[in-house]
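The values are calculated or read from the model by the stated rules, or taken from the named source; none is laboratory data. In this text, all values refer to a predicted model and were calculated from it rather than measured experimentally. When we count neighbours, we look across all protein chains shown, and the Cβ atoms used for this are built from the backbone with ideal geometry, even at glycine. What goes into the accessible areas is simple: the full protein's heavy atoms, side chains included, and nothing from ligands, DNA or RNA. Shrake-Rupley method; radii C 1.70, N 1.55, O 1.52, S 1.80 Å.
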Amino acid sequence: MNWMQSLYETYEQCAKGGLVGYVSGTKRPLLPICHITIQAHIEVVIDGCGNFRRAQLVSKDDAVTIIPATESSASRSGSKPECHPLCDKLQYLAGDFVKYGGKVTSGFQRNPAEPHQNFVTLLSGWNSKCLHPKVSAILKYIQKGTLMADLVKEGVLLIDHRRLLAKDDIEPEKRRGTIFDVLNDQGDAVVRWVVEIPGDTESRVWRDTKVWDSWIDYYLNHRSGTSEICFVIGEERTLTNNHPKYIRREGDNAKLISSNDTQGFTFRGRFITDEQACSVSLEASHKAHYALMWLIDRQGYRDGDLAIVAWAISGATVTVPQPTDDPIATLFGDLPSDDKSIDTAQDVAIRLKKKIAGYRQEIGDRTDVVVMGVDSATPGRLAVIYYRTLKGSDFLDRIETWHDTCAWRHTYRVIEERDTNGKLYRRRIPFIGAPAPADIAEAAYGRRLDDRLKQATIKRLLPCIVDGQPLPRDLVESAIRRASNPVVLSDDQKEKVLTIACALYRKYMYGKEQYDMALDETRRTRDYLYGRLLAIADVIEERALYKAEQNRPTNAIRYMQQFSQRPFRTWKQIHDLLMPYLMRLGGRAYYYKNLIAEVESMFTPEDFVSTRSLSGEYLLGFYCQRQKLLEKRADDREDDNDGTSI
């Protein structure tokens with residue numbers, strides 16, 4: 001129950017900070033307990049005496065509504081769904097629903113008035129125990145049984161001969177501005193209330209915190225159930241066996257805790273009753289689940305059924321860096337289109353360190369930070385696939401270490417901008433840092449990788465980031481293999497896979513070998529030197545092709561996969577094919593010839609003729625040597641203006 005305890009404490013901290021309730025934008029709110037959110041379609045305005053005043057349709061942007069709910073109604077399903085206590089569909093609220101041709105749910109067909117009677121009974125019970133003027137006004141109005149008639153009179157509901165119209169009964173061009181903009185069936189409309197009372201500053205019932213408190217007070221004190229020690233709070237409370245759903249997103253029916261099956265394999269012979277397996281009070285369950293929902297939506301990572309989030313227990317208002325982020329996302333969130341300062345990769349690295357330092361100051365060393373991941377175990381069940389609690393200093397150290405030791409120079413982040421003539425163009429943003437786990441999965445297994453494989457890869461990388469565990473060897477080798485076969489990759493994927501493979505190999509070798517991101521001209525290891533030779537051959541041919549205005553892959557790129565397996569024999573082939581391109585370069589060929597001779601002289605004879613395949617180190621030598629030659633070419637272009645763009 002550690003995860004529930006952590007989430008419960010987080011909720012309590014957020015409640016003290018006044019974060020419970022609505023937030024601006026489309027983010028999910030941190031819900032008060034015993035409440036849920038629904039999408040409302042109709043807003044009905046009444047006065048304090050329960051008299052109808054007006055009604056209107058609710059826009060999609062303002063449809064999210066916090067409403068009170070019972071445990072049964074929050075997870076309702078089946079042919080006889082339970083009603084919510086205050087706001088719900090027309091079949092529950094309207095006493096004249098059937099009179100206007102409304103069709104109740106199949107389980108109520110024998111007694112169509114039953115849903116409305118249940119609603120009135122539930123609302124009457126609340127009103128009798130915890131009297132609230134707005135609840136009383138709504139109850140008075142509901143008991144009149146005129147909701148459908150009032151909505152029809154206001155033009156909110158559309159009828160023909162006292163029957164609700166179907167969507168197909170209206171021509172498409174005449175539906176605009178009607179209820180069919182948001183619904184296919186008028187009978188499914190959800191109503192929320194506005195109660196206008198003189199002197200009351202908040203007439204919207206769904207935003208009135210006193211109405212929330214009234215329902216919470218009534219429900220917690222008058223609901224039936226077993227009272228025992230709650231595992232989370234540690235005090236005797238009324239327990240629940242009906243825990244919230246919609247954890248990862250709206251409409252997500254999977255639950256983290258479910259113990260309602262006493263006939264099947266739920267307990268697997270370990271316990272006699274569900275309370276023995278899980279003894280959690282309603283308050284603790286709601287607070288823990290609502291905090292998790294809010295955190296995942298606010299700052300978590302989601303990919304299909306997988307959700308991962310990191311947060312600070314005592315400082316929930318502080319957004320901690322997420323293990324699944326790349327440096328650009330950590331620094332800027334959505335990439336800014338007008339920030340030219342991130343053009344330099346070094347600047348990104350410096351800003352990342354400053355950002356981590358900022359987190360360190362905000363979170364503090366002693367604050368507990370939790371990293372939690374959930375995924376589907378079965379279609380209706382969620383599993384906690386990862387859970388760690390760390391001190392804030394340890395967490396930030398590990399995030400910083402990941403970005404330091406798995407860093408490489410990447411250029412696959414692109415933003416679209418318009419030039420002075422209004423023409424759209426794409427600008428690459430170089431950055432130095434660790435690639436995001438999702439990008440690593442794509443580099444290792446291709447852009448068309450299966451969602452399950454992608455999520456499994458992210459789950460495997462999570463302990464490497466948070467716990468500092470070594471990278472899986474098969475993952476690194478897969479990325480190296482794909483980077484060694486660039487002919488099959490698209491132009492924008494070649495560089496991305498190459499730089500991510502370099503980052504992964506550098507991380508994999510961390511602690512055994514130290515690699516710089518700049519060319520190390522003193523390194524004499526065989527694989528590194530062969531990588532340098534391949535880069536020189538690639539640049540020579542590329543430059544000659546450019547002068548001849550030809551655009552095709554170089555022989556170095558075409559033979560790269562074969563070169564990684566049999567470097568000595570393949571290098572001879574590539575070297576022989578270089579002759580015509582060296583001749584095209586004329587006097588500039590001497591520099592490259594001398595460079596090849598210089599690199600070859602650094603081999604030991606045994607290493608040079610060895611038949612061993614190359615490790616990922618050759619990619620580092622290839623990238624670093626090519627990068628240096630490209631930078632030199634840019635310098636030459638400034639001198640004689642005959643170079644190519646990088």
Near pairs, Cβ below 6 angstrom, 6+ apart or cross-chain, from region 594-607 (part of a loop (DSSP other than H, G, I, E, B)) to any residue that is open to solvent by less than 50 Å² (accessible area, probe 1.4 Å) and modelled with pLDDT of 95 or more: MET602/LEU529; PHE603/LEU529
Strands (runs of 3 or more DSSP E) enclosed by region 24-77 - at least 2 residues per element that are closer than 23 Å to ALA254 by Cβ: 35-39, 64-68
Odd one out for LEU335, checked against (1) at pLDDT 75 or above; (2) among the aliphatic types (A, V, I, L, M); (3) under 18 Å from the mean Cα position of the chain (by Cα); (4) more than 30 Å from PRO379 (Cα to Cα): (1)
Failed condition for THR570, given (1) under 25 Å from THR411 (Cβ atoms); (2) without any contact (Cβ under 8 Å) to a residue 12 or more places away in the chain; (3) open to solvent by less than 60 Å² (accessible area, probe 1.4 Å): (1)
Every residue from region 114-143 that is charged (D, E, K, R) and more than 15 Å from VAL98 (Cα to Cα): LYS129, LYS134, LYS140
Any hit, region 286-294, residues being at pLDDT below 75, among the aliphatic types (A, V, I, L, M), out of contact with any Gly (no Cβ under 9 Å at 6 or more places or on another chain) and within 22 Å of ILE385 (Cα to Cα): no
Any pair with Cβ under 9 angstrom, 6 or more apart, that starts in region 90-118 at a residue that is closer than 12 Å to LYS80 by Cβ and open to solvent by less than 40 Å² (accessible area, probe 1.4 Å) and ends at one that is among the small types (Gly, Ala, Ser) and outside any loop (DSSP other than H, G, I, E, B): GLN91/GLY187; VAL104/GLY187
Unmet criterion (only one of (1) over 18 Å from LEU619 (Cβ atoms); (2) open to solvent by 50 Å² or more (accessible area, probe 1.4 Å); (3) not in a loop (DSSP other than H, G, I, E, B)) for THR457: (2)
Region 362-379, residues that are of a type in the set (A, V, I, L, M), surrounded by fewer than 18 Cβ atoms within 10 Å (Cβ to Cβ) and within 21 Å of ASP325 (Cα to Cα): none
Residue count, region 546-573 (criterion: among the small types (Gly, Ala, Ser) and part of a loop (DSSP other than H, G, I, E, B)): 1
Every pair of residues 6+ apart whose Cβ atoms lie under 8 Å, when the first sits in region 437-461 and is under 19 Å from LYS494 (Cβ atoms) while the second is of a type in the set (Gly, Ala, Ser) and open to solvent by less than 20 Å² (accessible area, probe 1.4 Å): ILE440/ALA479; ALA443/ALA479; ALA443/ALA483; ALA443/ALA501; ALA444/SER478; ALA444/ALA479; TYR445/SER478; LEU449/ALA441
Single unsatisfied condition, VAL320 versus (1) more than 25 Å from ASP491 (Cα to Cα); (2) surrounded by 15 or more Cβ atoms within 10 Å (Cβ to Cβ); (3) more than 18 Å from the chain's Cα centre (by Cα); (4) modelled with pLDDT under 85: (3)
Residue in region 165-183 that is closer than 30 Å to SER124 by Cβ and acidic (Asp, Glu) present: no
Exclusive hit being open to solvent by 50 Å² or more (accessible area, probe 1.4 Å), among the β-branched types (Val, Ile, Thr) and in contact (Cβ under 8 Å) with a residue 24 or more places away in the chain, set THR411, THR420, THR405, THR401: THR401
Matching residues in region 46-74 - criterion: being under 27 Å from LYS27 (Cβ atoms) and either open to solvent by less than 30 Å² (accessible area, probe 1.4 Å) or touching a Cys at 6+ places or on another chain (Cβ under 9 Å) (or both): VAL58, ALA63, THR65, ILE66, ILE67, PRO68, ALA69, THR70, GLU71, SER73, ALA74
Filter pass, PRO85 being more than 26 Å from the chain's Cα centre (by Cα), open to solvent by 10 Å² or more (accessible area, probe 1.4 Å) and not aromatic (Phe, Trp, Tyr): no
Yes/no for LYS129 being of a type in the set (D, E, K, R), within 19 Å of VAL205 (Cα to Cα), out of contact with any Asp or Glu (no Cβ under 6 Å at 6 or more places or on another chain) and open to solvent by less than 50 Å² (accessible area, probe 1.4 Å): no
Total residues in region 573-610, condition among the acidic types (Asp, Glu) and open to solvent by less than 20 Å² (accessible area, probe 1.4 Å): 0
Pair list, Cβ < 8 Å and 6+ apart or interchain, from region 157-172 residues that are more than 23 Å from VAL44 (Cβ to Cβ) to residues that are open to solvent by 40 Å² or more (accessible area, probe 1.4 Å) and assigned to a strand (DSSP E or B): ASP169/ASP160
SER613, sole failed condition from (1) touching a residue at least 40 places away in the same chain (Cβ under 8 Å); (2) surrounded by 14 or more Cβ atoms within 10 Å (Cβ to Cβ); (3) under 40 Å from the mean Cα position of the chain (by Cα): (2)
Tally of residues being buried (at least 18 other Cβ atoms within 10 Å of the Cβ), without any contact (Cβ under 8 Å) to a residue 60 or more places away in the chain and outside any loop (DSSP other than H, G, I, E, B) across region 193-236: 0
Subset of region 472-486 [surrounded by fewer than 20 Cβ atoms within 10 Å (Cβ to Cβ) and part of a loop (DSSP other than H, G, I, E, B)]: PRO472, ASN485
